[in-house]
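To start, the structure itself, in structure tokens.
The values are calculated or read from the model by the stated rules, or taken from the named source; none is laboratory data. Worth saying up front: this structure is predicted, and the values here are computed from it rather than measured. Neighbour counts run over all protein chains shown; Cβ positions are idealised from the backbone, glycine included. Keep in mind that these areas ignore ligands, DNA and RNA; they rest on the heavy atoms of the full protein, side chains included. Shrake-Rupley method; radii C 1.70, N 1.55, O 1.52, S 1.80 Å.
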Amino acid sequence: MATLFKNASAQNHGGRYAKRMSSHLATALVVFCLLQIGIVARMGGSLLLHLALIVAIGGFGVAARRLERRWEILDDSGLSTSGLDLRFRRDVAQVWLASIASSLLWIPVAIIFRFLFG
């Protein structure tokens, strides 16, 4: 009976990856928001740009929750630690790349908006 529980606990990683991914997502969301707010404020954003900013932050939140849920499922899947490590590193790199790169996309949008509407 004890070996049954020991094997089950060896397969379950205790939510380790899900918790770590949740921490990365929360930090990336804060960085995403701060970069976007800073860029829009520096570019003299109008009300329309601020509304688009709210939509972008909401979209990032929805995508982050889906990725967090994916890692909750992967943690319970019983995959090997090496397989989860590889997936985790890939997803963390994608989260941070998306967080920083999508924030910087506001620069050309704000420049075009300022050119068209003064």
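The figures follow:
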| quantity | calculated |
| --- | --- |
| Set of region 79-118 residues, backbone N closer than 17 Å to the point 7 Å along the Cα-Cβ line of THR27 | 88-101 |
| Protein-only accessible surface order, largest first, of VAL55, VAL62 at 1.4 Å | VAL55, VAL62 |
| At R0 = 35 Å, FRET efficiency that the Cβ-Cβ distance of VAL55 and VAL92 yields, to 0.05 | 0.90 |
| Extension reserve of the ILE37-ARG20 stretch, reckoned as 0.36 nm per residue once the Cα distance is removed | 3.5 nm |
| Solvent-accessible surface (1.4 angstrom probe) belonging to ASP85, in square angstrom, nearest 10 | 50 Å² |
| SER102 versus ARG66: modelled label distance in nm, points set 7 Å from Cα along the beta carbon direction | 1.0 nm |
| Residue-normalised accessible area of region 34-76, expressed per residue, 1.4 Å probe, Å² | 62 Å² |
| Peptides 93-101, 18-26 ordered by average Cβ neighbours within 10 Å, highest first | 18-26, 93-101 |
| Pair-distance profile P(r), taking every C-alpha pair of region 19-107, with 5 angstrom steps and integer % | 2, 14, 24, 20, 14, 10, 8, 5, 3, 1, 0 |
| Rounded accessible area of ILE107 (nearest 10 Å², 1.4 Å probe) | 60 Å² |
